[in-house]
Amino acid sequence: MIGQVVVLAGGRGTRMRPLSDRLPKLLFPVAGRPFLDHVVANYRDQGVRRLHLCLGHHAEQVIAHVRGLPPAGMEITVSVEDRPLGTAGALRMAGPFLADRFAVVMGDSWQPVSLSALTRRWESSGRPAAMAVCRELDGVVPGNTEVDGGLVAAYEKGRAPGTFDYVDYGTLLLTRAHADRIAPGEADLADLIGALVAEGGLAALEVPEHDRFHEIGSFEGYEQFQEHCARHSEQFGAVRFPLGERPVPQEGVLTREAI
């Protein structure tokens, strides 16, 4: 089992303005709790014992919230960039906190897939790194990944819907050596992924439809996730996540009109 999850959550969330101007996405209310509480509970319940948050925009709010949480059975650490470093730059900055093996996830997405199952499939692939992928979701999230023979054969963002059959699920399984390959300064994980693809070193781990991810980085995605939570209230109810009694930053669902 992967013992550490690294959450990339330093972006400004420009697609969620003006909401993100005053609140980081990790603290957006979801089912009556800040989104971060659900993330913590998800990985805690899977047996993850170390969670690292790569922060930037409104980092002080996230840190204050984490300090107010009662013990969750895991160690939570943070690193804060003082200028935008990109997804790979933030990961390199987190180097002193990284375990030998870890999962990297996007801080604005909900990923219910079993990490232990992904880890077993990664190990059986014999490849140094792995990426979780899923079938393109009806164009809602355009495909950006080509899979061939169990490997990621191509990865390119911004392609037209239908170009690729698969989309990056938002979970990478890496080692400390991969973080060490990242050059200092601003860098994107897409460059590291491209290098791994060229080397034939990136296993593709397909995630089934019922474990589809949700994202809160756009108003459309945030609303869809809220609807998903309402349909599965038994999973997302406050009783399932007893991580303290801190009030959410704002009751209900954030909308543009909430400002």
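Every number here is computed from the coordinates shown, using simple stated rules; none is lab data. Because the structure is predicted, anything quoted here is derived from the model rather than measured. Quick reminder, even Gly has a Cβ in these numbers, built from the backbone with ideal geometry, and neighbours come from all protein chains shown.
Near ALA153, the amide H atoms lying under 5 Å from its own belong to GLU146, VAL147, ASP148; only residues 5 or more places off or on other chains count, and H is placed 1.01 Å from N. Each of GLY201, ASN42, SER109 was scored by the projection of its Cα onto the charge dipole of the chain, and the greatest displacement toward the positive side belongs to ASN42; charges sit on the C-beta of Lys, Arg, Asp and Glu.
One quarter of the surface of the convex hull around the alpha-carbon atoms of the chain equals 13.0 nm², the direction-averaged projected area. For GLU215, nonlocal amide neighbours, meaning residues 5 or more places apart or on other chains whose placed amide H falls under 5 Å from its own, are TRP110.
Here's how it looks for LEU205: its modeled amide H is under 5 Å from those of MET131, ALA132, VAL133, which are all 5 or more places away or on a different chain.
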